[in-house]
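Step one of this worksheet: look at the structure below.
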Amino acid sequence: MDLNEYQNKSKETACYPNVGSNFIYPTLGLSGEAGEVADKVKKVLRDKNGIFDMEAKKQLKLELGDVLWYIAQLSTEMGFDLNDIAQINLDKLSSRSQRGKISGSGDNR
């Protein structure tokens, strides 16, 4: 499955107020799910000395799926195509790498 196919299929399960004209809901959902990813990792660091067992990996994978769903919905709300977003990101990172700017901070490096 490619990213655009996922994006189109994920729309079938979008159930929130004003689907199609509501970028706020998926933005807030994305923030919440990203926090859940961070929380899962934090607990592995705290409780399992940073070692991900199969159950921890399974739970993290589920949370990453939720993050992906919200990214797809926000992209849809904004009229973006996930394949384009992925390609633009890879192009940006490749350019930074070629220019020796992969590390550091700032969006425009």
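We did not get these values from a lab; they are worked out from the coordinates using the rules stated. Just so we're clear, the structure is a prediction, and the values are computed from it rather than from any experiment. Glycine also receives a Cβ, built like all others from the backbone with ideal geometry; neighbour counts cover every protein chain displayed.
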Requested in this report: Report the extension gain between Lys92 and Phe23 in nm, rounded to one decimal, defined as 0.36 nm multiplied by the number of residues separating them, less their alpha carbon distance.
Outcome: 22.4 nm
Query raised in the report: Residue by residue, what Karplus-based ³J(HN,Hα) values in Hz, rounded to whole numbers, does region 4-15 have, using 6.51, -1.76 and 1.60 with θ = phi - 60° and x for Gly and Pro?
Result: 5, 4, 4, 4, 5, 5, 5, 4, 5, 10, 6, 9
Query - Links that overshoot a 28 Å alpha carbon limit, given the list Lys48/Lys92; Lys9/Lys57; Lys58/Lys101; Lys9/Lys43; Lys57/Lys101; Lys9/Lys61 - result: Lys48/Lys92; Lys58/Lys101; Lys9/Lys43; Lys57/Lys101
**Report entry** Full-stretch length increase - Val41, Asp84 - with 0.36 nm per residue and alpha-carbon distance subtracted
**Finding:** 12.6 nm
**Report entry** Within the chain, helix-based [θ] at 222 nm, where runs of 4 or more DSSP H residues each add -39,500 (n - 2.57), nearest 500
**Finding:** -23000 deg cm²/dmol
Requested in this report: Given the options Thr76, Thr27, Thr13, state which has the largest fluctuation in a GNM of the chain using a 10 Å cut-off (strictly under) for Cα springs.
Outcome: Thr13
Report summary line: Note on the chain: alpha-carbon gyration tensor, axes a ≥ b ≥ c; rule is a/c under 1.5 for rounded, else prolate if a/b larger than b/c, else oblate; result oblate
**Report entry** Estimated dipole of the chain in Debye, rounded to 20 [Cβ of Lys and Arg +1, of Asp and Glu -1, Cα centre]
**Finding:** 580
Query raised in the report: Hey, what do the phi angles of region 99-107 turn into as Karplus ³J(HN,Hα) couplings, whole Hz, using 6.51/-1.76/1.60 and θ = phi - 60°, x for Gly and Pro?
Result: 8, x, 10, 5, 9, x, 9, x, 5
